[in-house]
Amino acid sequence: MLSRLLSGQQRLIFLTLAIALHVALAIGAGRYVFTFRQAPKTPELDAEVFFIKDEPPPQLAPPLNQPFSPQDAAPVKAVTADKVPATMAAPAAPSAEEWAFATKYTNKNSKGYRHSWGQQVRSMMGTAVEGPDQGEVRFRIEIAPNGTLAQLDTLWSTSALAEKLARKAIQNMPALPPTPTGKPLIFEKTISFSPFASDGPPTYKDDCLPDTPAFKNPFAWDGKSEQVKAQPAPTEPKLDAQAMEECLRQLPKDTLEAEMARDQRIMDQWGSSKTGR
């Protein structure tokens with residue numbers, strides 16, 4: 001009987017110890033889980049202190065019904081321009097050799113004579129200075145067979161000073177040689193009075209070839225007349241054998257200055273270094 005009782009007490013003790021052990025394990029596991037799931041503490045940030053300076057309020061514009069006085073305007077600092085305007089001296093007048101060539105060259109409506117005439121005018125206009133007075137003027141000129149001016153009309157102008165100087169130069173031009181063909185020479189010429197443009201010597205190597213017809217939009221319409229598709233302009237006929245021989249005989253030798261002037265004009269016109277031949 002005693003052995004049975006002791007064994008029962010032992011069972012009770014073992015059961016009690018087992019329950020206590022399970023409770024302790026459950027409590028420990030709960031604390032671990034609660035500690036693991038707890039959000040981390042946010043670190044404390046250093047506080048920044050700002051000081052506001054006490055300044056007078058900005059001056060507001062006067063009301064619309066109050067007249068404005070010069071004293072209300074804010075002071076304006078004077079701006080000084082340090083840039084020196086660009087200049088270009090007048091080119092030299094055509095030499096005697098250039099005029100001798102111009103009086104004999106009949107190709108392309110006396111191309112050499114027309115160029116020498118424009119160079120003579122520009123050489124008498126003086127130095128071109130960058131600014132509001134720079135510009136261009138285009139004339140329609142008629143030269144009599146003896147080289148005197150028969151008619152001068154202004155087609156357009158972008159500078160009153162350029163037109164004034166050009167007309168003064170034309171009135172004071174020296175006596176010019178007769179025209180190459182012995183007939184009145186009628187042409188249009190643009191005189192550039194600018195430090196960024198110059199009328200260099202032309203090239204003559206393609207003067208015996210027909211001119212390329214200018215492009216004209218065949219579908220252009222003024223909105224009033226009947227819509228008709230414009231026909232392309234006829235191409236210039238080629239020279240016959242005798243005329244070609246005479247044309248080639250008049251052609252001068254190409255110069256480096258003429259080629260450089262041609263390339264520069266193309267670059268100024270198209271804004272590209274591709275000259276295209």
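The values are calculated or read from the model by the stated rules, or taken from the named source; none is laboratory data. Fair warning: this is a prediction, and the values are worked out from it, not measured in the lab. Here the Cβ is made from the backbone with ideal geometry for all residues, glycine too, and neighbour counts use every protein chain on show.
Those residues that are surrounded by fewer than 12 Cβ atoms within 10 Å (Cβ to Cβ) and more than 30 Å from Glu136 (Cβ to Cβ), I need them from the stretch 197-229; list them, please.
Selection gives Pro218, Phe219, Gly223, Lys224, Ser225, Glu226, Gln227, Val228, Lys229.
Of all residues being of a type in the set (Val, Ile, Thr) and outside any loop (DSSP other than H, G, I, E, B) in the stretch 112-129, which is modelled with the lowest pLDDT? Just the residue, please. Write out each step before concluding.
Initially, the stretch 112-129 is screened for residues of a type in the set (Val, Ile, Thr), giving 121, 127, 129.
Those left that are additionally outside any loop (DSSP other than H, G, I, E, B): 121, 129.
Numbers: Val121: 97, Val129: 94.
Per the stated criteria, the residue is Val129.
Please go through the stretch 204-234 and pick out each residue that is polar (S, T, N, Q) and within 29 Å of Met260 (Cα to Cα).
Thr212
Among the residues of the stretch 146-167, is there at least one that is of a type outside the set (Asp, Glu) and under 30 Å from Gln242 (Cβ atoms)?
Taking the stretch 146-167 first, the residues of a type outside the set (Asp, Glu) are 146-152, 154-162, 164-167.
Adding the requirement that they be under 30 Å from Gln242 (Cβ atoms) leaves 146-147.
Scanning the stretch 146-167, I find at least one residue that is of a type outside the set (Asp, Glu) and under 30 Å from Gln242 (Cβ atoms), so the answer is yes.
Do you know which residues across the stretch 91-111 are polar (S, T, N, Q), surrounded by fewer than 16 Cβ atoms within 10 Å (Cβ to Cβ) and either part of a helix (DSSP H, G or I) or under 33 Å from the mean Cα position of the chain (by Cα) (or both)? Steps first, answer last, please.
First, the residues of the stretch 91-111 that are polar (S, T, N, Q): 95, 103, 106-107, 109-110.
Applying the additional criterion that residues be surrounded by fewer than 16 Cβ atoms within 10 Å (Cβ to Cβ) yields 95, 109.
Passing the criteria: only Asn109.
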